[in-house]
2 protein chains.
Amino acid sequence: MSERAFAQVALIGLGLMGSSLAQAIAAHLPGVQVTGYDASPEVRARAAELSLADIRHDPADAVAGADLIILCVPVGAMAAAARALSPGLSLDAIVSDVGSSKQSVAEALAEALPGHTVIPAHPVSGTERSGPDAGFASLFHNRWCILTPPANADSAEVDRLAAFWRALGANVETMDPAHHDLVLAITSHLPHLIAYTIVGTASDLEQVTRGEVIKYSAGGFRDFTRIAASDPVMWRDVFLSNKDAVLEMLQRFTEDLTALQRAIRWDDGEALFELFSKTRAIRRSIIAEGQDDARPDFGRADHGD
Amino acid sequence: MSERAFAQVALIGLGLMGSSLAQAIAAHLPGVQVTGYDASPEVRARAAELSLADIRHDPADAVAGADLIILCVPVGAMAAAARALSPGLSLDAIVSDVGSSKQSVAEALAEALPGHTVIPAHPVSGTERSGPDAGFASLFHNRWCILTPPANADSAEVDRLAAFWRALGANVETMDPAHHDLVLAITSHLPHLIAYTIVGTASDLEQVTRGEVIKYSAGGFRDFTRIAASDPVMWRDVFLSNKDAVLEMLQRFTEDLTALQRAIRWDDGEALFELFSKTRAIRRSIIAEGQDDARPDFGRADHGD
């Protein structure tokens, strides 16, 4: 990094993201000191057992001396977490986060930390697991991290944060927070909402038992259960904090689904075939750009061999 | 197998399913002769190159002497395929299939092959790939194969077919065809319909570019692109042949989605949290029953390590 490196990174929240950041920093930036805090005493204890970071029992203490603070808490908890750490915050530190919606986080952090440098970020990366044990060092490899700096941000500070993420293996893009929220509404938030919905629908049927849903899930349903196993608090906050963009994308999806429903009802095989033919290309592009596993069935190893 | 083994199996259709069946028979039932036919000359030529089976250029010739015939064609092509092979069919042969909907296939085959023994079947197993090169011998390992014998079926013949599927590594269940179609509507057909829809919705946006959808697909969207890359003809036929059950499940899904949409609009975090909390358990059960990969993110190897 030609940019000025960070000497101490404070991680606030030590679940999947905080734990992965701690391990990625240890792997890629071994000279950087990492302090950490989580609101849960159990998570702090586990993080200490895993030697993820120098764990502190007070957020203001965790950020003392840090030149980069990364908030890894649900987006609805950002404001309270920022207020709690502010007594220990240096004026020359950069405050960032990993939240999945950016307009509301930018506003919450700016309001909670007046006079401080806030550069929100979103690494588009994760798994369905939660908690400190779910983290791993390569979570950000070849994934995109989107920075949404405010209009008046110092470009040298933005470059410093970008260099940090690149050092962890990520690709970095800069975006307006409103555009981020629209893009993620379709690439992440709506997929999660739909997955949660269909798993709920399948759980509530009278004519088909839960045992049947499980046994025959390899027909496609099981794919949806993975993202529907994601952290409930995190996702509740995402939908509440990115309401307008999610509702806009949901409206478009519902229109398209209604059109397909009508095609099925009226035996319009041509309309079905036309849609089903055009959706193959996008997967090929995703694989070509290294954003998914090229092997069939995601390379799942569940055929007993 | 204590049941009388089959001496010659004829596979009609040599795509993912026919090719996998040929390879599974070679691996698990090496004494069984396998003949094959596909309506496409290119597929026949490729199947011959791959030595999948003794390839014939006429369906009646392919089934001559066979005591088990398995139709591996799209469900809308079953009747025509059955009529085409019927001149070569022995009266003591069992005719079966691998179609994803069962009421319409049972009717089509019974009508096309009067006086013959028809026992429809559906191995709940597959990948997003198509064609003879996509097949592999372990496709049916630890997957469920559902037999839907007609009410007057000879139980010894049903047992023979069940033993055949078990020899290929599958678990076997017997079910009424109408119930099969309802169960698969929720575990397979609706998931495919939703995946095709959201991939279509994402492709048609003006505010978000196709490049952005691809770059940030790791947020969840990429999961849906896998099943939306499935064979368009096969899936067109599934929706047209299982219309009533698909429309019923789609109606329930839409109601549930509308309820969630309302919860988001009215900031009802409790309703969101409640649903998102209950959907985790079903994935644990699917993994416990060996129907999905237990590793995070399906065990995808795309983090560059």
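The values are calculated or read from the model by the stated rules, or taken from the named source; none is laboratory data. Note that the coordinates shown come from a computational prediction; the quantities given were computed from them, not determined experimentally. So basically every Cβ, Gly included, is an ideal-geometry build from the backbone, and we count neighbours across all protein chains shown.
Things worth noting here:
- Enumeration of residues in the stretch A:122-172 that are in a loop (DSSP other than H, G, I, E, B), of a type in the set (Gly, Ala, Ser) and within 14 Å of chain B (Cβ to nearest Cβ): A:125, A:126, A:130, A:131, A:135, A:137, A:138, A:169, A:170
- Residue match in the stretch A:279-295 (condition: closer than 26 Å to residue B:240 by Cα, surrounded by fewer than 19 Cβ atoms within 10 Å (Cβ to Cβ) and within 7 Å of chain B (Cβ to nearest Cβ)): yes
- Test for residue A:215: is it surrounded by fewer than 20 Cβ atoms within 10 Å (Cβ to Cβ), over 13 Å from the mean Cα position of the chain (by Cα), at the interface with chain B (Cβ under 7 Å from one of its Cβ atoms) and among the charged types (D, E, K, R): no
- Matching residues in the stretch B:230-253 - criterion: being farther than 20 Å from residue B:99 by Cβ and within 7 Å of chain A (Cβ to nearest Cβ): B:250, B:252, B:253
- Leading residue by the ranking (farthest from residue A:295 (Cα to Cα)) among those in the stretch B:201-211 that are facing another protein chain (nearest Cβ under 7 Å) and surrounded by fewer than 23 Cβ atoms within 10 Å (Cβ to Cβ): B:207
So that you can scan it fast, the table gives a plain yes or no per residue for (1) in a helix (DSSP H, G or I); (2) crowded, with 19+ Cβ neighbours inside 10 Å; (3) hydroxyl-bearing (Ser, Thr, Tyr):
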site: B:5; (1), (2), (3): no, no, no
site: B:19; (1), (2), (3): yes, yes, yes
site: B:31; (1), (2), (3): no, no, no
site: B:35; (1), (2), (3): no, yes, yes
site: B:70; (1), (2), (3): no, yes, no
site: B:83; (1), (2), (3): yes, no, no
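- Under the condition of being hydrophobic (A, V, I, L, M, F, W, C) and over 18 Å from the mean Cα position of the chain (by Cα), the residues counted in the stretch A:147-173 number 6.
- Residues in the stretch B:37-51 that are assigned to a loop (DSSP other than H, G, I, E, B) and among the acidic types (Asp, Glu): B:38 only.
- Restricting B:203, B:217 to residues that are under 18 Å from residue A:223 (Cβ atoms) and among the hydroxyl-bearing types (Ser, Thr, Tyr) narrows the list to B:217.
- For the stretch A:123-146, the condition of being charged (D, E, K, R), surrounded by fewer than 24 Cβ atoms within 10 Å (Cβ to Cβ) and more than 22 Å from the chain's Cα centre (by Cα) holds for none of the residues.
- Within the stretch B:244-278, the set of residues being of a type outside the set (Asp, Glu), under 25 Å from residue B:196 (Cα atoms) and surrounded by fewer than 14 Cβ atoms within 10 Å (Cβ to Cβ) comprises B:251, B:258, B:262.
- Reported count of residues in the stretch B:271-305, each being part of a loop (DSSP other than H, G, I, E, B), at pLDDT 90 or above and of a type in the set (A, V, I, L, M), is 1.
- Subset of the stretch A:255-277 (residues that are out of contact with any Pro (no Cβ under 6 Å at 6 or more places or on another chain), under 23 Å from residue B:210 (Cβ atoms) and at the interface with another protein chain (Cβ under 7 Å from one of its Cβ atoms)): A:256, A:257, A:260, A:272, A:275
For every residue, the table says whether it meets (1) within 30 Å of residue B:275 (Cβ to Cβ); (2) at pLDDT 95 or above.
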{"position": "A:150", "(1), (2)": "no, yes"}
{"position": "A:170", "(1), (2)": "no, yes"}
{"position": "A:174", "(1), (2)": "no, yes"}
{"position": "A:194", "(1), (2)": "yes, yes"}
{"position": "A:198", "(1), (2)": "yes, yes"}
{"position": "A:205", "(1), (2)": "yes, no"}
{"position": "A:218", "(1), (2)": "yes, no"}
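- Members of the stretch A:180-200 that are under 21 Å from residue B:235 (Cα atoms) and either of a type in the set (Ser, Thr, Tyr) or more than 7 Å from every other protein chain (Cβ to nearest Cβ) (or both): A:195
- Looking only at the stretch A:7-17, and only at residues there that are outside any helix (DSSP H, G or I) and not small (Gly, Ala, Ser), the one that is surrounded by the fewest Cβ atoms within 10 Å (Cβ to Cβ): A:8
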